[in-house]
Amino acid sequence: MSAPDSMARRLEAIEESGWGRPIRLVQPRNLAFWIYVVFVAIGIFSFATKLADLPSAYTTAIVAALLVWAVYTVPWVIFLHVTDRYEREPAKLAVWGFIWGGFAATWAIAIHGNNALHDLYATLISPEFALNFAPPLSAPLVEESSKAVGFVLILVLARHAVRSAFDGLIIGAFIGLGFQVLENIHYALAAAETAFGSANISGVIGTIVGRGLITGLFTHVLFSALVCAGLVYLIGTPSEPRNVTRGLLLVCGGVIGHG
């Protein structure tokens, strides 16, 4: 093989893998950047407003929920870091994914979307149907799509770094982790509100046992990882050619598993 051919093959391999390409997520001239910023800002505002509106009787629940779920996040981050040992995702992609999942997907989109579908089911079918069947019929569609939007935005902003389905798996898992943590904080606060502030700690403990330890291994982290890996196959990248069948199977697997 001649030197020019060898160099061409090397350049082709670098282009295919994205190795060594700089990642710049702050791109003021890219619409995807502003969509990300606006929805994250809305989510943070909604979350902060929720905390500010709670009476002082819920302070214990707020502090306990924030501390408990912050600690819960640590082993997940370590596990995903160890799992991603062959070609580690840049830390900024994991952080941006976690932030989108925690604030934009949860507090800016999913809460309002789930409520809207619940009301739609109640109007079109019956209030009883909405009460019994709205959660499994709305949450998988609304929540997985809200997380998927964040992944597509990151893919647009860091197209040289997100090259394989495994990249989608890891970034999707961080998006799902953010969603899981912030949603569970919401449920912990809701449990305290249901008890009118008289069971702050027990509400938080009940949430972490039920949603963290019992079902925590099979919730948003897994669902979002499957969906985002499937999106890589559906969209296609230089190193991961489009495979619609495989992509649909992964996306549907995440959505159906969620349901």
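Brief remarks on what is shown
- Of the trypsin sites (Lys or Arg not before Pro) in segment 21-117, those whose Cβ has at most 16 other Cβ within 10 Å and which sit in DSSP loop: Arg24, Arg29, Arg85, Arg88
- Residues in segment 76-86 carry Karplus couplings, in order, of 5, 4, 4, 4, 5, 5, 5, 4, 8, 8, 7 Hz; the curve used is 6.51 cos²θ - 1.76 cosθ + 1.60 with θ = phi - 60°, and Gly or Pro positions show x.
- Length added when fully stretched, Glu193-Phe129, from 0.36 nm per residue minus Cα-Cα: 20.5 nm
- Neighbourhood net charge (12 Å Cβ-Cβ; Lys/Arg +1, Asp/Glu -1) for Phe98: +1
- Each residue of segment 44-50 was assigned a 3J(HN,Hα) from its phi angle through the Karplus expression (A = 6.51, B = -1.76, C = 1.60, θ = phi - 60°), giving 4, 4, 5, 5, 5, 5, 4 Hz with x at Gly and Pro.
- Label separation (Ala122 vs Phe45): 2.6 nm, computed from points 7 Å beyond Cα along the C-beta direction.
- Heavy-atom accessible area for Asp167, with the other protein chains in place and a 1.4 Å probe, reaches approximately 0 Å².
- FRET efficiency, Gln27 to Leu54 (Cβ-Cβ, R0 30 Å, nearest 0.05): 0.25
- Exposure of Thr60 as accessible area (Å², to 10), given a probe of 1.4 Å and all protein chains: 70 Å²
- Exposure check, 1.4 Å probe, all protein chains in place: Phe166 carries approximately 70 Å² of accessible surface.
- Between Val95 and Leu137, the simple label model (points 7 Å from Cα in the Cβ direction) yields a spacing of 4.3 nm.
- Ordering Glu183, Glu240 by accessible surface, largest first, gives Glu240, Glu183; the 1.4 Å probe counts only protein heavy atoms, with every chain in place.
- Length-normalised contact order for segment 30-258 - Cα pairs under 8 Å, 6+ apart - percent: 25 percent
The values are calculated or read from the model by the stated rules, or taken from the named source; none is laboratory data. Remember, predicted model here, so these are calculated numbers, not experimental data. Glycine gets a Cβ as well: all are built from the backbone with ideal geometry, and neighbour counts include every protein chain shown. Surface areas here come from the heavy atoms of the whole protein model, side chains and all, with no ligands, DNA or RNA. Shrake-Rupley method; radii C 1.70, N 1.55, O 1.52, S 1.80 Å.
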